[in-house]
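Sharing a structure with you now.
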Amino acid sequence: MDQEKILTLAGNPNVGKTTVFNNLTGMKQHTGNWAGKTVTNAKGYFKHNNENYTIIDIPGTYSLISQSKDEEVARDFICFEDTYKIIIVCDATALERNLQLVLQTIEVRKNVILCVNLLDEAKKKNIDINIEKLRKILGIEVVGISARKRQGIDKLLEKIEEDNNNPYTLKYNDYIENCINILQNSLKNIDTKKLDKRFICLRLLENDKELIKSIEKYINFNISEDKTILKSLEESNKYLEENNINVVDSITNGIYNNCEKIVKETVSYKDKEYYKKGLNIDKYLTSKLVGIPVMLALLGLIFWITIVGSNYPSSLLSNMFFLIEDKLRYSLEYINLPSVLISILIDGVYKVVTWVVAVMLPPMAIFFPMFTILEDLGYLPRIAFNMDKLFKKCNACGKQALTMCMGFGCNACAITGCRIIDSPRERLIAILTNNFVPCNGRFPTLISIISMFFIGGAIGFYNSFLSALFLIFVILLGVFMTLIMSNILSKTILKGIPTNFALELPPYRKPQILKTIVRSIFDRTLFVLGRAVVVAIPAGVIIWIMANITVVDKTILLHTTDFLNPLASLMGLDGVILMAFILGFPANEIVFPIIIMSYIGGSTLIEIDNISQLKELLLLNGWTLKTAICTAIFCIFHWPCSTTCLTIYKETKSMKWSFLSFIIPTVVGVLMCVAINLAFNIF
C-alpha cells in the first residue's frame, strides 16, 4: 500500500469545510449553519488516482493570531504540522474577509489550494468571481465549488496533485518591510524548509511569546537566545519606535489592504444591495421586542410537534413490544432455558430496553431533525445574539447561549462546544452551568410526568399544547438557573469582567430537509438511542437481581430504597426515584424505565401499555403532585451523566472543575426539592 498523503482542510468558521470534508471522504460529520461547529480535528480517508489521502478537518479560524482554544488548534496545525497540501475553504459571498487567512497561510506554507465555496449562493446574490484571475494573482491553485450540491469536487481532486508554488507575497508598509529585511539577515541558521523566514520575522516583531516558543520547538532552534537575532530585533524595535509605528496595527492594516486590492481586481458585484434581505429579517428576529418571543414560540412549536408526533408511535411500539414479549418468553421456554435465566432476560433486560426504545425513539426522531433544521437555517446564532445582554449582565459570554442550545441535544457535545468561547474564565462558567439545561435524554421523563400530572383532563390539542407550555416553563427555569449560577460563579470563584462578544451572524440558508432528517436520525437519534440501550441492558439485570434476591426477609431492592428513603423523603421523592437517578448516572435515558421496573419488581401487579395505566402504577406507589414536581425538578437539576463528566475532565484537565460541575447542579436540585417539599408540607 502506498504511503498516505496528509491534507489539511482549513478556513473561516461557517464556510462549508465540513461539507467539503464529507464530500471527499464519504463520511457524515455533522454540519451546521453557525460559527464554531467544528471544535476538534476530524480525520477522514479517501483514494483518488491510486493515491491514498488522509484529510484533517481543523476548527474554523479567522486568523493565525489565535484567541480561543479552537483557533489555537487550527493555527498550530497549519504552522507546525507537515502536510502534503493545505486546502483553505472560502465563502464566495465574503471573499475579502476570508482572504485574510489565505494570505497569512501562504506566508507560512507554499503548498496551499484555495477552494472558493458557495458559488451557488454568490450567483443568487449577483456576485461574480474571476477564478482564473484570482489564481494568477495569488500564485496558488484556485478552484470554485458548491459543496452542498457536490459541484466542483472533481476539479478540487484534480488540483490536489497540481503545483503552482509561486505564492503571492504579502506586502506591508515600508517600515515593516525594512524591519523584515533587517531580521531576515540574522536568520541564516534557520531551516527555511520548515517555516518561511518572513513569517518568523513578523512574529518576532509582534512579540507573540507563546507562538515564538512553539516556533522554536518546531524548528529546533532557540531564537530568543541567539545574540545576532536579538541584536537585529532590538535594532528593528528602536527603528519602529523612532518612527512611531504600531507593529500590530501595521501588520493588520497590511493584510486588510492586500485583501481589498485583490478583491477589487477579481470580484464584481452586480447588485450591491443583496444583503439587505437578510438584514430586514434580522430586524425582527434580533430585536428587543420580538426576538425573544419568536425564540420562545419556535421552541414551543418544536416541543408541541415532538409531543403530538411521538404519542402514537410510542403507544404503537409499546403494544408491539408487549405482544413480542409473550412470544419471546414462550420461545425461550420451548428451548428449555432455565426459568431464572428467562426471567432475567424478559423481566429484566427486555422490559427495560423496550421501555427505553418505546419512550425515547419517537421524541428523539422528531426533536433532533427539527433542531438540526434550525441549525442549518442559521437561527442558532440569533439566539446567542438575543441572549448576549442577559449573559453579559451575569459577567458571562453571549456565546454561552450557543453551547446552552447544544445542550438540548447532548450536554457532552455542548461541553466540547464550549471551545468556541475565547476567555478561559467564561469557558469554565459555560462548562460548570451547562447541565442546568436538560438534554434530550431527559425530555421523555419530563414529557411523561407533565402529561400525567400537570394537564388534568385536557385531551387532544389542549393536552399537547399544555404539555408543550409546561415544558417551555421547565426549560426557562433551567435557563434562569444557568444565568443565576453564571452570575454567582463570576462573583466568587471565577471573578472577572465579560469580554467583548463578536459573533458572526451567518446568512439564512434553505435547509436540505430530507437530507437533514436522514442525517439526524442516523447521526444523532440512533447514536443516542444505541448508547441508552447499551446502558439499559446491565441496568435491567441489576434491577432484576435487586428485586429477586432476598437478604434478611427483604429484597436488596427494598434494602436499598429503605436506605435512601430518609434523604429522598426530605426531597419530596421516595427511595426508588432517588435510586433510579443514581443508577441512571451512565445515561439519563434509563431513569424513568428504572423507576417503572423497580415498582413492578416490588410486586405491584399491573400491566402497562398506555399513559393512564402508567399513572395508576405511580399513584399506587405513593406518587402525588408534590412527587411529580420534585421528580421533574431533580430531573433538570442533578449531576451530569458519566459521558458528560468524562468530557468535562478531558476539557478542563482538572478534578476540581470536574467535581464542581458534578456537585453544583446536584446541590441546586437537592435544595430546590427540599424547599418545594417544605412548602407543600406547610401549605
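The values are calculated or read from the model by the stated rules, or taken from the named source; none is laboratory data. Quantities reported herein were computed from a predicted structural model and do not represent experimental measurements. Quick reminder, even Gly has a Cβ in these numbers, built from the backbone with ideal geometry, and neighbours come from all protein chains shown.
Going through Pro640, Pro586 one at a time, which residue ends up being modelled with pLDDT of 90 or more and under 23 Å from the mean Cα position of the chain (by Cα)? Step through it out loud before you land on a result.
Numbers: Pro586 fails: modelled with pLDDT of 90 or more.
Result: Pro640 is the single residue among Pro640, Pro586 that is modelled with pLDDT of 90 or more and under 23 Å from the mean Cα position of the chain (by Cα).
On to the next question. Just to verify a result, which residue in the range 41-62, among those that are within 24 Å of the chain's Cα centre (by Cα) and of a type in the set (Phe, Trp, Tyr), is surrounded by the fewest Cβ atoms within 10 Å (Cβ to Cβ)?
Here the answer is Tyr45.
Would you please name the residue that is surrounded by the fewest Cβ atoms within 10 Å (Cβ to Cβ), looking only at residues in the range 345-402 that are farther than 30 Å from Leu557 by Cα and of a type in the set (Val, Ile, Thr)? Give the derivation first.
First, the residues of the range 345-402 that are farther than 30 Å from Leu557 by Cα: 362-402.
Subset that is of a type in the set (Val, Ile, Thr): 366, 372-373, 383.
Details: Ile366: 23, Thr372: 24, Ile373: 18, Ile383: 24.
This residue is Ile373.
Right, another one. Taking Asn243, is it in contact with a Phe, Trp or Tyr (Cβ under 6 Å, 6 or more places away or on another chain) and either modelled with pLDDT of 85 or more or closer than 30 Å to Met387 by Cα (or both)? Before you say what the answer is, go through the steps one by one.
Values: in contact with a Phe, Trp or Tyr (Cβ under 6 Å, 6 or more places away or on another chain): yes; either modelled with pLDDT of 85 or more or closer than 30 Å to Met387 by Cα (or both): yes.
When the stated conditions are applied, Asn243 passes them.
Have a look at Ile223, Ile182 and point out the one that is of a type in the set (Val, Ile, Thr) and buried (at least 19 other Cβ atoms within 10 Å of the Cβ).
Numbers: Ile182 fails: buried (at least 19 other Cβ atoms within 10 Å of the Cβ).
Every option except Ile223 fails the conditions.
Here's another thing I want to ask about it. From the list Asp422, Asp388, exactly one residue is on the phi < 0 side of the Ramachandran plot and in a loop (DSSP other than H, G, I, E, B). Which is it?
On the way: Asp388 fails: in a loop (DSSP other than H, G, I, E, B).
Asp422 is the lone residue from the list that is on the phi < 0 side of the Ramachandran plot and in a loop (DSSP other than H, G, I, E, B).
Restricting attention to helices (runs of 4 or more DSSP H) lying wholly within the range 468-576, give those where 1 or more residues are in contact with a Pro (Cβ under 6 Å, 6 or more places away or on another chain) and assigned by TED's automatic domain parsing to the domain that holds Ala365.
Numbers: elements: 513-520, 526-548, 556-570.
Output list reads 513-520, 526-548.
Follow-up question, since we're still on this one. Return the pair list, or none, for Cβ contacts closer than 6 Å from residues in the range 353-364 that are under 15 Å from Ile596 (Cα atoms) and in the same structural domain as Phe522 (by TED's automatic domain parsing) to residues that are among the small types (Gly, Ala, Ser) and assigned to a helix (DSSP H, G or I), at least 6 apart or on different chains.
Sorted first by the residue in the range 353-364, then by its partner, the pairs are Val353/Ala536; Val356/Ala532; Val356/Ala536; Ala358/Ser314; Ala358/Ser318.
Another one. Considering only the range 614-683, give the helices (runs of 4 or more DSSP H) lying wholly within it that have at least 3 residues that are without any contact (Cβ under 8 Å) to a residue 40 or more places away in the chain.
642-652, 655-682
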